[in-house]
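Below is one structure, written out as structure tokens, with a few remarks after it.
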Amino acid sequence: MRLLVLRRALRIVAFVSAWFALSAAAQATINYEISLANPEQHLFHVTMTIPGVKDEVTVQMAAWNALYQIRDFSSHVQQVQAFTGSEPLPIEKVDKQTWVIRGTGEIVVRYTTYWDEPGPFGTELNAHHAFINPAMILMYVPDRRNEPVNVGFKDLPQGWEVISPGRLLEVSVGGARMAEKSYDALADSPLELGTFARFSLPPALPPVTVVVDGDHWSQSEVESELSRIVGYELKLMGGAPYPAYTFILHIGKGAENAGGGMEHANGTAINVSSEEQLAGVAAHEFFHLWNVKRIRPASLEPVDYTKEQYTRALWFAEGVTSTYGSYTLLRSGLWSKEQFYADLSDRINELESRPANKWQSAEQSSLDAWLEKYPWYNGPEFSVSYYTKGQILGVLLDILIRDRSNNAKSLDDVMRLMNDEFAKKGKPYRDDADIELSVEKIAESSFAEFFRKYVAGAEPLPYEDTLRRAGLEFREVSIHRAGTAFKAERGPGAALTVYSVEPQSAAWKAGLRPGDVILSWNGGNPPRFISGWTRRRKPGEMLRLVIVRDGRQSEVAYALGDSPELSRQIVEAGNADEKARRIREGILNGETQSAAAAGLSK
């Protein structure tokens, strides 16, 4: 009996100890309170409460987030103060992003930070709405990033709502509150605050929510496009990896000069100047749910917010995601096969037009991503895009896998294998080593030469031979296209900068010059690919640009010229054999012999 009582007593002690431990952990939660008072001033007023400090605590602002660019978010910070209760504490700034506060107990840090840069790569606060990438406005304690955090919002303008991808927020009048398991999870949780449209995609389960801030858009069209994209990619990858998903869309007004999309674990934020641009961006960003957010290179883990984090795998993480963006548009019926061929042709022509393609490999382009914030680096003599080269490499790999397996396997199987072996097991892959091994496992043959020559090396890509295996070929055609008479380049999220203008052209006579930064293009965002934009225009149509030169803004307007050019266009080969035709149809329809039998085909 005494032994039984003793055992019960020990259980009670253990339970109480565990309860106190959990209570202590809950009390140790780092809390943020963000005031949006007077949003027209573009100032976030932040209060950070750090419990359990002994002697001193270090706080930092991230140097980068959302883009592979050092942007030094601390440059936006003003008036950093620290307190215990009402007592001011000594605070020392030791470098551009780090402060040391001396004190014990619960430390309160207060500061303001100015932001008026549209998403998805920035943070914005104005009288219309707010969009927040949390790492841009919230400090963190370097050695406590894994602790739970709470975030509260107050002084919200009347009628404003708050939403964050895949998360439930506790909402009150003029305020809201959310909890996250860690600072890193919080950094991956953008927020939209304002008066926005909201609807769900039927019949998506787990639920998919769409939030739209913008004008001149149709809910039925947006719903139809996103439903096709979500439906196809979930089927391709065998189901949803999220408990819930949110599209945060900024369309048209308010989304100017900030085009693109940013992936997150349970959602995406997308800015487009018009609804017609949405599907292409959404197909790419939704596939990031797997490729990069969960199928993740080891070189990006864990995240280091203080400095550049180099990886050789962006050609796969971003470029092959673009492969699947185009596959999704094709296989979901949003593109015809002619549009798919034209897009791939544009990517190849763009890559081959760049002198840097002769020496910069896909891996080196990935490593050099941190140089994209410098306009000259994006010029054709200095770099190639890992997006473009990676997208092409993805298609070439797909064809070769299908060819070697007699169309029984494909790149789709590689993505599903990596999802099973890495994403679902919660472990990152070893950059190109595990990509190559995964391809070889699916194809049951060596791809060492392919990766050595075309991924690690910069040898000319084997277009003709590889396309022939899929019943495709190049046709050189003379095209009369609308011509802009200038060339410009940018990296993702970077400014579009003019690097050459044809002398005495309409653009030159209108005043456009090398070095001009283009802010606006016919009232909206500059296109991601100028060649794709001009392909849909006719000579004589007007082009209106808003530019910045030497800090001064002006407008340049002129009629597009007639620009005849020789272009390589991908077409279906009339003499393709039966195997090549099967491979071609497999790519177009997302089918393989084994996939069709397993019910995974379109």
Next item on the list: Find the strands (runs of 3 or more DSSP E) located wholly in segment 89-183 whose residues include 3 or more that are in contact (Cβ under 8 Å) with a residue 60 or more places away in the chain and either buried (at least 21 other Cβ atoms within 10 Å of the Cβ) or not aromatic (Phe, Trp, Tyr) (or both), and list them.
Entry: 105-114, 129-132, 149-154
Check: If you scan segment 72-82, which residues turn out to be of a type outside the set (S, T, N, Q) and either touching a Pro at 6+ places or on another chain (Cβ under 9 Å) or closer than 14 Å to ALA187 by Cβ (or both)?
Finding: PHE73, ALA82
Next item on the list: Kindly indicate whether any position in segment 449-467 is out of contact with any strand residue (DSSP E or B) (no Cβ under 7 Å at 6 or more places or on another chain), of a type in the set (Phe, Trp, Tyr) and in a loop (DSSP other than H, G, I, E, B).
Entry: no
Margin query: All but one of (1) buried (at least 20 other Cβ atoms within 10 Å of the Cβ); (2) under 23 Å from the mean Cα position of the chain (by Cα); (3) free of Cβ contacts under 8 Å to residues at least 60 places away in the same chain hold for TYR386; state the number of the condition that does not hold.
Written below: (3)
Check: For SER189, are the conditions met, namely being in a helix (DSSP H, G or I) and small (Gly, Ala, Ser)?
Finding: no
Next item on the list: Tally the residues that are in a helix (DSSP H, G or I) and either among the charged types (D, E, K, R) or free of Cβ contacts under 8 Å to residues at least 60 places away in the same chain (or both), restricting the search to segment 499-546.
Entry: 9
Check: In segment 46-88, how many are β-branched (Val, Ile, Thr), assigned to a strand (DSSP E or B) and in contact with a Lys or Arg (Cβ under 9 Å, 6 or more places away or on another chain)?
Finding: 5
Next item on the list: Determine whether segment 255-263 contains at least one residue that is under 21 Å from MET415 (Cα atoms), modelled with pLDDT of 95 or more and surrounded by 21 or more Cβ atoms within 10 Å (Cβ to Cβ).
Entry: yes
Next item on the list: All but one of (1) in contact (Cβ under 8 Å) with a residue 40 or more places away in the chain; (2) over 30 Å from ALA269 (Cβ atoms); (3) basic (Lys, Arg) hold for ARG549, so report the exception by its number.
Entry: (1)
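Would you mind finding the one in LEU193, LEU236 that is of a type outside the set (Ser, Thr, Tyr) and more than 27 Å from PHE153 (Cβ to Cβ)?
Criteria check complete, one pass: LEU236.
To keep it simple, each residue is scored yes or no on (1) touching a residue at least 60 places away in the same chain (Cβ under 8 Å); (2) under 30 Å from PRO539 (Cα atoms).
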site: PRO428; (1), (2): yes, no
site: LEU437; (1), (2): no, no
site: SER445; (1), (2): no, no
site: PHE450; (1), (2): no, no
site: TYR454; (1), (2): yes, no
site: ARG475; (1), (2): yes, yes
site: GLY483; (1), (2): yes, yes
site: ALA495; (1), (2): yes, yes
Note to self: Looking only at segment 398-423, how many residues end up being among the hydrophobic types (A, V, I, L, M, F, W, C) and over 23 Å from the mean Cα position of the chain (by Cα)?
What the structure shows: 4
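The values are calculated or read from the model by the stated rules, or taken from the named source; none is laboratory data. The structure presented is a predicted model; accordingly, all values stated were derived computationally and were not measured. In this analysis, Cβ positions are derived from the backbone assuming ideal geometry, glycine residues included, and neighbour counts consider all displayed protein chains.
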